[in-house]
1. What distance in nm lies between label points placed 7 Å from Cα along the C-beta direction at Asn233 and Glu15?
2. Which length gain, in nm to one decimal place, applies between Arg260 and Asp207 when the Cα-Cα distance is subtracted from 0.36 nm times their residue separation?
3. If the cut-off is a Cα-Cα distance under 20 Å, which aspartates and glutamates reach Lys80, setting aside same-chain residues fewer than 8 apart in sequence?
4. Please identify the cysteines of the chain that lack any partner cysteine with a Cβ under 4.7 Å from their own Cβ.
5. Tabulate in residue order the Karplus-calculated ³J(HN,Hα) for segment 166-172, using 6.51 cos²θ - 1.76 cosθ + 1.60 with θ = phi - 60°, rounded to whole Hz; enter x for Gly and Pro.
6. Take every Cα pair under 8 Å in the chain that's 6+ residues apart, average their separations, divide by the length, and report that relative contact order as a whole percent.
7. Calculate, for the chain, the solvent-accessible area per residue in square angstrom, rolling a 1.4 angstrom probe over the heavy atoms of the protein chains.
8. Does the chain come out rounded, prolate or oblate, given a ≥ b ≥ c as the square roots of the eigenvalues of its C-alpha gyration tensor, rounded meaning a/c under 1.5 and, failing that, prolate meaning a/b above b/c?
Amino acid sequence: MLATAYYYANDSIKEGPSPADIGGFAFEIPDFHKIFVNVAGMYLEIETDADPHYDSTGLTRIHAPGVEPLIMPTAGSAEKDGSLALGLIYYDGQSWFNLSSVGYLQHVNYSFHVMTMNTSYAAIHIDWNVSQANQSYNSFWQEYYVYPDRVEGQLAVEEILYYLGYSFPAFLYDGQTNTTVKTESGKPCHTIVQWGESSATTFTITDFTTREGSPEQYTCTCKQEPGEIYSRNGYLANVRCYVAESTLDSATVSFTLTPRKLG
């Protein structure tokens with residue numbers, strides 16, 4: 001295709017911005033189980049019902065203009081390697097639930113709608129209802145707010161929980177370049193991934209609320225789990241960022257992801 005384009009190219013036409021440079025769109029392709037959002041080149045790809053042989057359910061890819069793409073979520077991992085994408089995690093007192101491990105081999109229902117979209121801002125809403133291993137999980141929702149320089153999001157769950165938060169796929173290396181990954185717990189809590197002296201991205205849990213409002217005292221933890229997870233673009237670390245609160249019956253957790261060029 002590129003060879004054909006070369007022969008038919010008209011070099012007198014000046015190069016201009018492409019739709020991917022301008023953005024201002026958010027849409028779903030249901031048959032491929034994918035949602036795409038782009039605002040001024042800040043690009044998101046969400047896998048809504050992954051084939052676990054190849055991918056993970058959740059926010060699998062973010063690109064930002066001028067920033068090394070591998071320091072952000074870049075590709076979901078297959079179930080056999082350890083499912084991992086940016087998405088909901090919680091601990092119910094017995095086991096961890098991870099949205100990224102839910103795919104078409106389980107039962108997934110979701111609905112998607114665009115709240116707003118233009119070339120400077122887009123917002124989308126996803127309602128989920130999933131079951132796994134014959135165990136039903138209550139419905140929850142997620143929203144993503146996309147700006148030219150950052151991505152914000154929040155999720156809300158109506159369920160008795162102990163820990164609630166996000167899994168974050170921190171990129172480790174691609175066979176040639178090693179990143180540095182730093183985690184910091186507190187209020188707020190952070191994960192920072194840096195690619196040499198050129199690019200970095202910061203994932204932050206920014207807020208936590210319950211039915212009664214935002215607690216004055218809560219513990220926010222970002223913890224890199226042992227081991228490495230293989231993906232198509234390299235090896236990932238599973239970083240769990242969560243808030244600890246016992247016998248929660250309703251809660252909302254918010255995040256900000258900020259990619260940036262260094263120097």
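1. 2.2 nm
2. On the way: separation 53, 0.36 × 53 = 19.08 nm, distance 2.18 nm.
Net length gain for the segment: 16.9 nm.
3. Within reach: Glu47, Asp49, Asp51, Asp55, Asp174, Glu225, Glu228.
4. none
5. Residue by residue, segment 166-172 yields 10, 8, 10, x, 8, 6, 9 Hz.
6. Values: 727 pairs, mean separation 46.0, N = 263.
Relative contact order of the chain: 18 percent.
7. Result: 49 Å² per residue.
8. Working: a/c = 1.62, a/b = 1.50, b/c = 1.08.
Prolate shape, in that a/c is at least 1.5 and a/b is the bigger ratio.
The values are calculated or read from the model by the stated rules, or taken from the named source; none is laboratory data. Please read all numbers here as calculations on a predicted model, not as lab measurements. With ideal geometry, Cβ positions are generated from the backbone for all residues, glycine too; neighbour counts draw on all protein chains shown. Areas reflect the complete protein model, heavy atoms only, side chains present, ligands, DNA and RNA absent. Shrake-Rupley method; radii C 1.70, N 1.55, O 1.52, S 1.80 Å.
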